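Notes to accompany the following structure.
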Amino acid sequence: MELVICVSDGVMYDEAEALARRTGAPLCDREGDGVTVLFDRTGVSLSGYGMKYRGDFTQMLSRIGAGLRQELLIRTAKPRSGGLKAVDAAAGMGEDAFLLAACGYEVSLYEKNAVIAALLRDALRRAESDERLCAITSHMHLTEGDSTELMPTSDLGADLIYLDPMFPPRRKSGLINKKLQLIQKLEQPCGDERALLDAAIAAHPKKIVIKRPLKGAYLADMKPSYSISGKSIRYDCIAFPDAT
Ligand SMILES: C[S@@+](CC[C@H](N)C(=O)[O-])C[C@H]1O[C@@H](n2cnc3c(N)ncnc32)[C@H](O)[C@@H]1O
């Protein structure tokens with residue numbers, strides 16, 4: 001897939017250049033024919049194939065009111081007190097992490113794809129100027145890198161580790177929303193489920209919550225303690241009752 005980094009107004013040049021170096025993609029002053037990461041006065045966006053996307057936590061505000069506790073992720077995580085720590089080990093655009101932070105978790109986010117991390121960093125930065133968002137995103141802390149490598153070397157003390165690696169691709173791409181269509185061009189389905197789950201277990205959380213397709217196999221074939229299903233997705237929870 002052809003990837004181009006484009007700086008439109010000369011703004012954020014250093015960040016764009018660093019991303020070009022990390023990805024090996026050319027730094028240009030106009031959009032390419034494939035996927036373009038565009039740095040301009042409005043922030044960082046992704047465009048290509050007639051689609052445009054950028055992270056925007058404003059669209060999450062409708063989900064954090066009275067209905068927050070009814071979110072499947074929160075019902076599966078079952079937070080029982082305040083002051084809890086969570087790790088989102090496959091952060092993507094941080095929407096699920098936003099729900100966890102809104103529910104009172106201090107959330108560490110790991111994202112290994114440099115382009116997605118740049119988009120998420122920009123969405124978090126823009127959220128700083130919106131009081132309603134900032135009250136939540138100030139509890140979200142992004143680290144760019146592979147959580148399989150980072151989790152075992154960090155002193156996480158996490159109550160919850162959340163895993164949402166990319167699902168296997170669906171045959172009818174028309175069913176996938178625009179965000180996923182563009183982002184799936186950047187990211188492959190999880191190549192090593194076992195390594196990801198092992199790294200999460202090695203970090204000794206109290207719970208690991210995993211998002212799966214409704215009828216998908218368990219991650220790395222590990223049977224969860226319980227599952228909660230919605231219309232198209234399922235959350236599996238592996239609980240470690242003895243974890244301190
Ligand atoms: C399906 S998306 C996550 C979506 C996210 N839950 C949200 O609400 O926006 C999966 C993401 O996990 C990232 N990822 C997969 N394996 C990872 C790993 N080992 N370390 C860090 N990020 C990883 C991928 O790059 C991708 O952006």
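The values are calculated or read from the model by the stated rules, or taken from the named source; none is laboratory data. Note that the structure is a prediction, hence the values are computed from the model and not measured. For neighbour counting, all protein chains shown are included, and Cβ atoms are generated from backbone atoms with ideal geometry for every residue, glycine included.
Taking the condition of being under 30 Å from ALA199 (Cα atoms) and more than 14 Å from the ligand (Cβ to nearest atom), how many residues in the range 123-140 meet it?
Start the filter on the range 123-140 by keeping residues that are under 30 Å from ALA199 (Cα atoms), which leaves 123-125, 136-140.
Within this subset, residues satisfying the condition of being more than 14 Å from the ligand (Cβ to nearest atom) are 125, 138-139.
Count: 3.
Hey, can you tell me all the residues within the range 181-209 that are of a type in the set (Lys, Arg), farther than 15 Å from ALA86 by Cα and free of Cβ contacts under 8 Å to residues at least 60 places away in the same chain?
So the first thing to find is which residues in the range 181-209 are of a type in the set (Lys, Arg), and the list is 185, 194, 206-207.
Still in the running and farther than 15 Å from ALA86 by Cα: 185, 194.
Residue satisfying the conditions is ARG194 alone.
Of the residues making up the range 208-227, those that are surrounded by 13 or more Cβ atoms within 10 Å (Cβ to Cβ) and away from the ligand (no atom under 16 Å from the Cβ) number 4.
Could you check the range 127-161 and list, in sequence order, the residues that are closer than 20 Å to ILE183 by Cα and either crowded, with 21+ Cβ neighbours inside 10 Å or not β-branched (Val, Ile, Thr) (or both)? Quick ask: steps written out before the conclusion?
Initial filter on the range 127-161 (closer than 20 Å to ILE183 by Cα): 142-147.
Those that are closer than 20 Å to ILE183 by Cα and either crowded, with 21+ Cβ neighbours inside 10 Å or not β-branched (Val, Ile, Thr) (or both): LEU142, GLU144, GLY145, ASP146, SER147.
Provide a single number: the residues in the range 13-60 that are touching an Asp or Glu at 6+ places or on another chain (Cβ under 8 Å) and part of a loop (DSSP other than H, G, I, E, B). Residues that pass the stated criteria total 6. Just one of the listed residues (LEU99, LEU73) is surrounded by 13 or more Cβ atoms within 10 Å (Cβ to Cβ), touching a residue at least 24 places away in the same chain (Cβ under 8 Å), in a helix (DSSP H, G or I) and out of contact with any Phe, Trp or Tyr (no Cβ under 7 Å at 6 or more places or on another chain), and it is LEU99. The set of residues in the range 162-207 that are in a helix (DSSP H, G or I), buried (at least 18 other Cβ atoms within 10 Å of the Cβ) and either modelled with pLDDT of 90 or more or away from the ligand (no atom under 12 Å from the Cβ) (or both) comprises GLU193, LEU196, LEU197, ALA199, ALA200.
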